[in-house]
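See below for the structure under consideration.
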Amino acid sequence: MRLTNYFLPVLKESPSDAEIISHQLMMRAGMISQSSSGIYSWLPLGLKVLKKIENIVREEQDAAGVNEILMPTIQPADLWKESGRYEDYGKEMLRINDRQDREMLYGPTNEEQVTDIFRRSIKSYKELPQLLYHIQWKFRDELRPRFGVMRGREFLMKDAYSFDLDKQQSEISYNKFFVCYLKTFQRLELKAIPMSAETGPIGGDLSHEFIIISKTGESDIFFDNKLLEQENELLNVDYSKDLSSLVNSYKELYAVSDDKFNQDDFDKNVLKENQTKSKGIEVGHIFSFGTKYSEAMKANVLNNDGKQSTVFMGSYGIGISRLVGAIIESSNDEKGIVWPESVSPYDIGLINLKTKDDDISSISDDIYEKLSNSGLDVLYDDKNDNPGVKFSRMDLIGIPYQVIVGNKSKSESIIEVKNRKSGDLTEVKIENLTSFFQK
Ligand code: ATP
Ligand code: MG
């Protein structure tokens, strides 16, 4: 992509309502444009990152054997009346009447809708388990939308749902998602800690929030800092195997958010020197809730004995649009964003420092073509700005590598490669450039 052909409305100053660094940087880097409170348009640079995150989440759901579907954003109120949540949900739900005066709503989540899909088609225990997910926009009329995309009103979520014959089977599904989440966040280069969360009336220990540590987070978190050392090779995880020991290695270490915190438990379970209190951002939440919806909505299957049996369900969310902000919160410096390679909008930012010099411009064009042809995604700054503007813009948008073409490229066939994170500069012969990036 040539910058002369790109819509990148960078700002010098961040808007005064942007309180936290990720919101400021997303505005300054021209990633989003506010439509109304808590509702944003995604501009090219922001959309690219959003899609990258979405794809990693999708690949990992697929790898865990979850089926992708796409449910509508608008749902009939009747389904929610069946589950009993239509009244309970209160003002966070955006309610709409259609022209026939039927009550509809903009989905804040999809338990009811997916239970309806399930009960229409699945009638036997032999067809279980069923694991379904979709990636769809949600609307919650949050009391205090803030922090940009981190607490929006309209936001993109991956939500998955599991249907199993009984509690024991549903725990197997739960563990699959638990491990799938560990792997997903690992690929996003985030340290997300699973923290035990409130399960409500169902009890048990089958609810976890995945939280990344951040001083701007909205959750107070309390955990054993041994969790920070937990490293597991998950690349080749086999989801058909028993995953409980892997899951238990996390569960047995104390980690909770404020709702569940209790000082006595903390002291009993964690050595004083390992006790960590901090703030965090909830990026995912998994939850096994048994027959809460299936009972109310009569989602039954015939069991082995030919009797009707109410299915056990779970739901599993990841805040995809929140993750864009959360990743920036955990990866930035005084110059701007520092994208992890896995989600960076481009692999390389190519800077032509002398657009008015025909030779240097033609060298830059060649490099752009070669790098692009070798499969790298390049943002090419071919704009007629002064070097200071070019450098600070490229630093702001945070692409991991910058390839800088200037006088030396003409006189000695040398370009400079700058590592955005470390700031290290390496001189590379132009002929060796593609192999430099081949890893
Ligand atoms: P929170 O406690 O932050 O309000 P929640 O517990 O209401 O979130 P869930 O219903 O568990 O959220 O939704 C699943 C995921 O969707 C959350 O873990 C979060 O990453 C994301 N999410 C929830 N609400 C918002 C929002 N208003 N804006 C952006 N992302 C959100
Ligand atoms: Mg939650």
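Test residue 231 against the stated conditions and say whether it is among the charged types (D, E, K, R) and either within 16 Å of ligand 2 (Cβ to nearest atom) or within 13 Å of residue 195 (Cβ to Cβ) (or both).
No; evaluated as a whole, the condition is false for this residue.
Taking into account only those residues within segment 286-312 that are away from ligand 2 (no atom under 16 Å from the Cβ) and in a strand (DSSP E or B), which is nearest to residue 227 (Cα to Cα)? Explain how you work it out, then say what you get.
Taking segment 286-312 and keeping what is away from ligand 2 (no atom under 16 Å from the Cβ), we get 290-291, 293-312.
Still in the list and also in a strand (DSSP E or B): 290, 300-302, 308-310, 312.
Details: 290: 28, 300: 39, 301: 40, 302: 42, 308: 42, 309: 39, 310: 37, 312: 30 Å.
Ranking the qualifying residues of segment 286-312, first place goes to 290.
Report, by residue number, each residue of segment 263-285 that is in a strand (DSSP E or B), of a type in the set (Val, Ile, Thr) and away from ligand 2 (no atom under 16 Å from the Cβ).
Residue satisfying the conditions is 276 alone.
May I ask you to say which residue of 346, 368, 380 is hydroxyl-bearing (Ser, Thr, Tyr), part of a helix (DSSP H, G or I) and under 33 Å from the mean Cα position of the chain (by Cα)?
Criteria check complete, one pass: 368.
Only one of these is on the phi > 0 side of the Ramachandran plot and away from ligand 1 (no atom under 14 Å from the Cβ): 298, 241, 268, 277. Name it.
On the way: 241 fails: on the phi > 0 side of the Ramachandran plot; 268 fails: on the phi > 0 side of the Ramachandran plot; 277 fails: on the phi > 0 side of the Ramachandran plot.
Selected residue: 298, the only one of 298, 241, 268, 277 that is on the phi > 0 side of the Ramachandran plot and away from ligand 1 (no atom under 14 Å from the Cβ).
Identify the single condition in (1) over 20 Å from residue 110 (Cα atoms); (2) surrounded by 23 or more Cβ atoms within 10 Å (Cβ to Cβ); (3) within 14 Å of ligand 1 (Cβ to nearest atom); (4) of a type outside the set (A, V, I, L, M) that residue 352 does not satisfy, given that it satisfies every other one.
Condition (3) is where residue 352 drops out.
Return a yes/no flag: does segment 64-74 have any residue that is within 28 Å of the chain's Cα centre (by Cα) and in a helix (DSSP H, G or I).
There is no residue in segment 64-74 that is within 28 Å of the chain's Cα centre (by Cα) and in a helix (DSSP H, G or I).
Of the residues that make up segment 317-329, is at least one touching a Phe, Trp or Tyr at 6+ places or on another chain (Cβ under 6 Å) and more than 20 Å from residue 24 (Cα to Cα)?
Looking for residues that are touching a Phe, Trp or Tyr at 6+ places or on another chain (Cβ under 6 Å) and more than 20 Å from residue 24 (Cα to Cα), one finds none in segment 317-329, hence no.
Being of a type in the set (D, E, K, R), away from ligand 1 (no atom under 14 Å from the Cβ) and at pLDDT 95 or above is the filter here, so list the residues in segment 209-225 that pass it.
Residues of segment 209-225 of a type in the set (D, E, K, R): 209, 215, 218, 220, 224.
Adding the requirement that they be away from ligand 1 (no atom under 14 Å from the Cβ) leaves 215, 224.
Answer for segment 209-225, where residues must be of a type in the set (D, E, K, R), away from ligand 1 (no atom under 14 Å from the Cβ) and at pLDDT 95 or above: just 224.
Does residue 154 fit the bill of being among the acidic types (Asp, Glu), under 24 Å from residue 67 (Cβ atoms) and either in contact with a Leu (Cβ under 8 Å, 6 or more places away or on another chain) or at pLDDT 95 or above (or both)?
Here the answer is no, as residue 154 does not meet what is asked.
Conditions first: (1) modelled with pLDDT of 95 or more; (2) in a helix (DSSP H, G or I); (3) in contact with a Ser or Thr (Cβ under 9 Å, 6 or more places away or on another chain). Residue 434 passes all but one, so which condition is the exception?
For residue 434, the exception is condition (1).
Select from segment 302-321 the residues that are within 16 Å of ligand 1 (Cβ to nearest atom) and of a type outside the set (Val, Ile, Thr) and write down the one among them that is surrounded by the fewest Cβ atoms within 10 Å (Cβ to Cβ).
315
Yes/no matrix, rows are residues, columns are (1) within 13 Å of ligand 1 (Cβ to nearest atom); (2) within 20 Å of residue 258 (Cα to Cα); (3) polar (S, T, N, Q):
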residue: 145; (1), (2), (3): yes, no, no
residue: 155; (1), (2), (3): yes, no, no
residue: 171; (1), (2), (3): no, no, no
residue: 174; (1), (2), (3): no, no, no
residue: 195; (1), (2), (3): yes, yes, no
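Which residue pairs have Cβ atoms under 8 Å apart, sit 6 or more places apart or on different chains, and have a first residue in segment 174-196 that is within 12 Å of residue 212 (Cα to Cα) and basic (Lys, Arg) and a second that is modelled with pLDDT under 95 and assigned to a helix (DSSP H, G or I)?
191/228
Does segment 87-134 hold any residues that are over 30 Å from residue 302 (Cα atoms) and either of a type in the set (Asp, Glu) or touching a residue at least 40 places away in the same chain (Cβ under 8 Å) (or both), and which are they?
Selection gives 87, 88, 91, 92, 93, 94, 98, 101, 103.
Could you check segment 78-158 for strands (runs of 3 or more DSSP E) lying wholly inside it with 2 or more residues that are in contact with a strand residue (DSSP E or B) (Cβ under 8 Å, 6 or more places away or on another chain), buried (at least 17 other Cβ atoms within 10 Å of the Cβ) and not β-branched (Val, Ile, Thr)?
Strands (runs of 3 or more DSSP E) meeting the threshold: 103-106, 130-139.
What residue, of 243, 206, is touching a helix residue (DSSP H, G or I) at 6+ places or on another chain (Cβ under 6 Å), at pLDDT 95 or above and over 24 Å from residue 277 (Cβ atoms)?
So the residue among 243, 206 that is touching a helix residue (DSSP H, G or I) at 6+ places or on another chain (Cβ under 6 Å), at pLDDT 95 or above and over 24 Å from residue 277 (Cβ atoms) is 243.
For segment 191-241, give me the residue count where each residue is in a loop (DSSP other than H, G, I, E, B), among the hydrophobic types (A, V, I, L, M, F, W, C) and surrounded by 13 or more Cβ atoms within 10 Å (Cβ to Cβ).
Final tally of qualifying residues: 4.
Name, by its number, the condition in (1) more than 24 Å from the chain's Cα centre (by Cα); (2) at pLDDT 95 or above; (3) within 15 Å of ligand 1 (Cβ to nearest atom) that does not hold for residue 292.
(2) is the only condition that residue 292 fails.
Mind listing just one residue for me: the one in segment 243-262 that is under 23 Å from residue 62 (Cα atoms) and in contact (Cβ under 8 Å) with a residue 24 or more places away in the chain and, of those, surrounded by the fewest Cβ atoms within 10 Å (Cβ to Cβ)?
244
The values are calculated or read from the model by the stated rules, or taken from the named source; none is laboratory data. This is a predicted model, so every value here is computed, not measured. Quick reminder, even Gly has a Cβ in these numbers, built from the backbone with ideal geometry, and neighbours come from all protein chains shown.
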